[in-house]
1. Over 27 Å between C-alpha atoms is what I'm after, so list which of LYS247/LYS445; LYS145/LYS442; LYS145/LYS449 land there.
2. Which of PRO51, THR343, ALA24 sits farthest toward the positive end of the charge dipole of the chain, with +1 on the Cβ of Lys and Arg and -1 on the Cβ of Asp and Glu?
3. Of the DSSP beta bridges with both residues in the chain, give the percent that are antiparallel, rounding to the nearest 5.
4. Out of [x] 25, 60, 15, 0; [y] 23, 54, 22, 1; [z] 22, 49, 27, 2, which label holds the value of P(r) over Cα pairs in 20 Å bins from 0, in percent that was computed here?
5. Give the order of PHE189, PHE65 when sorted by the count of other beta carbons within 10 angstrom, beginning with the fewest.
6. So, in Å, what gap is there between the alpha-carbon centers of the range 385-448 and the range 152-186?
7. Which residues in the range 301-342 have a backbone N closer than 18 Å to a point placed 7 Å from the Cα of GLU414 along the Cα-to-Cβ line?
8. Starting from the 7 Å offset along Cα-to-Cβ, what nm value, one decimal, do you get for the label separation of ARG54 and ALA172?
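Taken together, the values in this text are just the output of simple stated rules run on the coordinates, not laboratory data. Not measured: the values here are computed from a predicted model. Reconstructed Cβ throughout: ideal geometry from the backbone, glycine too, with neighbour counts over all protein chains shown.
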Amino acid sequence: MDALTYPVWHDSAIQQTAFGTAPAHAEVDVAIVGAGLSGLWTAYYLSSAEPSLRIAILEARHVGFGASGRNGGWCSGYFPLTVSELASVYGRDAALLAYQESFATLPEVEQVLRREGIECGWHQGGTVQSASTALQAERLQSLLKQQHANGLGAGDAEWLPSSRVSEHISVAETHGAIYSRHCATLNPFQLVNGLARVLDQRGVTIWQNTAVQAIDNGVVTHSHGRVVAKQVVQATEGYSHSIAQTKRRIVPLYSLMVATEPLNQATLQAIGWHNRATFNDGGQMVIYAQLTPDGRIAFGGRGAPYHFASRVRERFDLDDQTHRRIVSAIAQHFPAAAQARITHRWGGPLAVPRDWTPTVMLDRAQKYARLGGYVGDGVAATNLFSRALVDLILERDTSLTHLPFVNHRSPRWELEPLRFLGVNSLIALSESIDNYETSHHKVPKLRTKIFEALL
């Protein structure tokens, strides 16, 4: 595939601040490991609340190197677990609190962008989850009823019959869709670099090319020496496998993307992407798309293989077979764009806990805190969880410190080779179930039972 092999977001004219490496020895009040959105937002709210704190961020590569700088550009108020799934574990009130605070995170992010002068193409057009088949429509309508029964209102999520889906977007085949206003789009690389600029101006120290090897009772050992801190925050997401505290707490699951050339006016009119709502469908295999401000389709999907022992390598960011499937999905849903040239393709790992539940936790005795495990839904969640963590650190009793994710401890993933077999079986089953339903117009019961058992 003849395309540039880096995120389309990196094409934006952006002045990256030059940050040095960490010294052999340093002492700070708070050391944050990871200069992605979790780490940057945590530093932002900590420095806002306590400007006198000495805060340092340690980053193995550069600001926004991981998923924070290359994701799908969705700022979604939704978690990987639905409100009904959260309610089944934590109760209805806790689930509703989580979703209310998450929905409120979008205006919070927008307010920060305006206050700090961060230009990242923010646009709140909502999100459309379209049913590509009648079976998907049944599932999505059942899902929506469960969410409404557990407290989400029609103003949060509503069912659109197939005749109304084109009010937002014209897809090749739809049997209806769930629409929600709680989603925005942005350029994630501009966001992380904008936050880094603000933090640098505040006096927060950012050390790049400083790989952390261990965290132990306030001591961060890195490639150039060590940092001693009163509080350490781990915010390493898909790169957490090498840190002892998070070994087997997450698996790095690869998600890949492509971007088309800017579409011509005739193609844009045929697609009818009126208010640039984000798009996905009701299949088992996750896809996600947005229309960029310059008229490109940025389309992503999962399905790339999990690598034995949670290995993360740059060569895994590109997978020809997965990228071809993503390009085929563009043609399937938006045939008018089928001949559009693919200008960029890229990918990388995101963090998946064993129970698909993100975590924000604080252990004062060990001078250790952690946040993450967003399963790809992290642009808004990083802001929400960072604010919750800052409240915990500063011993403030707020609604955020009562979120059901606070001090949640996900079970560990299975040992290899069970982990390798299980995760890749889930990926294969997702695609197999979608293909079967499309061709046979019925649910493959045995495969579905196995799929659900493996989750």
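1. LYS247/LYS445
2. Of the candidates, ALA24 comes out farthest on the positive side.
3. Rounded to the nearest five, the antiparallel share is 65 percent.
4. After the calculation, the listed value that fits is [x].
5. PHE65, PHE189
6. Result: 24 Å between the Cα centres.
7. Output list for this probe position: 305-311.
8. 6.0 nm
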